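Take a look at the structure set out below.
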Amino acid sequence: MRVMLVEDSSGDARLIEEMLREAQVAPVEVEQANCLAGALERLGDGFDVVLLDLGLPDSQGLETLLRTREQAPHLPIVVLTGFDDQEQALQALQLGAQDYLIKGEFAGAPLSRTIRYAIERHQTEGMLRQTLAELESRTAEMETFTYSVSHDLKEPLRGLEAFSRFLVEDYADVLDDQGRDYLNRIAKASARLKDMIEELLTLARLGRRPPQLERVNIRRVVEDFLAANEMRLKESNAEALIEGALPDVLADLTRVEQVFGNLIGNGLKFNKSARPSVQVGLADVTGGWVTFFVRDNGIGIAPEYQERIFGIFQRLHIREEYEGTGAGLAIAKRAAEALGGRVWLESEPGAGSTFYVCLPLWEGSGRISRKRA
Ligand code: ADP
């Protein structure tokens, strides 16, 4: 095992080297650097681990860790320090150090164990990172594929639509009732196919275009949706209410519109109440995340279907009962995930549904993006 020991005190360095040799777990070769510049120059040379003192003549504190990580992201780093500073220890771990040891508080065997674990953990993390990168690139490939296939499918569909329209216009009187019925069905099926292709394109676009993050006012998004659907609400004697104040989020306006539009639309559509009702409100704000609810008094969803409905083209009803392609929730889920958030639900058949949407809270212009904890 080759250890790069970055330590400016030769006394401390000798002590650590001695400890490692005495532990005798595996043959150890220790190379010492007494400043950061000297260490960074040599880090490419096949080391297994870096033992890093944060206070060096040419670099102090977490800056030392950051510069070392930047130069050698492939190497595990164990921080050694003379100060028992819990805050700094936590920050060092968050910045990617594998461990944080206080000088004078460890002996040879635990030190060598810490080093071995640090190396193993770093390898596992590396494998995970690689798998994640592969997954992301495959997802991107799939999205590009879906996008181009959907796009290509539109052309023959246009032909199908046009010729069935010509048939209706020019030959309807030559056909008998059954012939006209068949033609009608072809027209309906191609309209449906067109909707499905449009939905697939929307879904594929979600992965292809990076979100344009900005401050988004959820109340306005909901009010705009309701204004655009005013007639539909009136016709079905439905009501939609915003309960209380809704905090702003850091999001992409189009995606937020996709999430709330689909959820509110579904709450009104899958609803047999005499007065269909949807409420939108605030469920929770914690640690930079805000959760909204979209509650309806609709038909509800049995527990065994609550995951399935987020799949593309998954529907629980026949078309004649409720119209739709079954892509709305898949789009809502993907749109929320593209913003780092998520969508989930609580529901019981006959007792309505509550969908939850978790998104990053707008915390001022300083914040750019954040991963969900
Ligand atoms: P669509 O609305 O086009 O059918 P969605 O993806 O939006 O597709 O929803 C998938 C299925 O989930 C719906 O067909 C319906 O069966 C069920 N569903 C979605 N939202 C609700 C709701 N609020 N109440 C009851 N069922 C719902």
- Task: Would you check if there is a residue in the stretch 312-323 being in a loop (DSSP other than H, G, I, E, B), in contact with a strand residue (DSSP E or B) (Cβ under 7 Å, 6 or more places away or on another chain), within 12 Å of the ligand (Cβ to nearest atom) and not β-branched (V, I, T)?
- Result: no
- Exactly one of L153, L206 is surrounded by 17 or more Cβ atoms within 10 Å (Cβ to Cβ) and within 30 Å of D252 (Cβ to Cβ), and that residue is L206
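For the stretch 3-50, enumerate the residues that are among the acidic types (D, E) and outside any helix (DSSP H, G or I).
Those that are among the acidic types (D, E) and outside any helix (DSSP H, G or I): E7, D8, E29, E31, D45, D48.
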- Which one of the conditions (1) touching a strand residue (DSSP E or B) at 6+ places or on another chain (Cβ under 9 Å); (2) free of Cβ contacts under 8 Å to residues at least 60 places away in the same chain does S59 fail to meet, given that it meets all the rest? (1)
- Only one of these conditions is not met by E257: (1) within 16 Å of the ligand (Cβ to nearest atom); (2) charged (D, E, K, R); (3) farther than 19 Å from G340 by Cβ. Which number is it? (3)
- Query: E22: in contact (Cβ under 8 Å) with a residue 12 or more places away in the chain, surrounded by fewer than 19 Cβ atoms within 10 Å (Cβ to Cβ) and either hydrophobic (A, V, I, L, M, F, W, C) or in contact with a helix residue (DSSP H, G or I) (Cβ under 9 Å, 6 or more places away or on another chain) (or both), yes or no?
  - Reply: yes
- Message: Quick test of your reading of the structure: G300 fulfils all but one of (1) within 8 Å of the ligand (Cβ to nearest atom); (2) out of contact with any Pro (no Cβ under 6 Å at 6 or more places or on another chain); (3) over 23 Å from D224 (Cα atoms). Name the failing condition by number.
- Response: (2)
- Query: Going by the structure shown, is E120 within 30 Å of V49 (Cα to Cα) and of a type outside the set (V, I, T)?
  - Reply: yes
- Determine whether the stretch 202-210 contains at least one residue that is farther than 27 Å from E143 by Cβ and either in contact with a His (Cβ under 6 Å, 6 or more places away or on another chain) or outside any loop (DSSP other than H, G, I, E, B) (or both). no
- Of everything in the stretch 284-297 that's touching a residue at least 60 places away in the same chain (Cβ under 8 Å) and either assigned to a loop (DSSP other than H, G, I, E, B) or away from the ligand (no atom under 16 Å from the Cβ) (or both), which residue is surrounded by the fewest Cβ atoms within 10 Å (Cβ to Cβ)? G287
- Task: Scan the stretch 78-93 residue by residue and report those that are under 21 Å from R121 (Cβ atoms) and assigned to a helix (DSSP H, G or I).
- Result: Q86, Q88, A89, L90, Q91, A92, L93
- Query: Which condition breaks for A274 when tested against (1) more than 7 Å from the ligand (Cβ to nearest atom); (2) under 24 Å from R215 (Cα atoms)?
  - Reply: (2)
- Query: How about the stretch 324-348: which of its residues are farther than 15 Å from R205 by Cα, surrounded by fewer than 21 Cβ atoms within 10 Å (Cβ to Cβ) and either free of Cβ contacts under 8 Å to residues at least 12 places away in the same chain or more than 9 Å from the ligand (Cβ to nearest atom) (or both)?
  - Reply: G340, R342, W344, E346, E348
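Every read-out reported here was derived from the displayed coordinates using simple, explicitly stated rules and does not represent laboratory data. In this text the structure is predicted, and so the values were computed from the model without any measurement. Every residue, glycine as well, gets a Cβ built from its backbone with ideal geometry; the counts of neighbours run over all protein chains shown.
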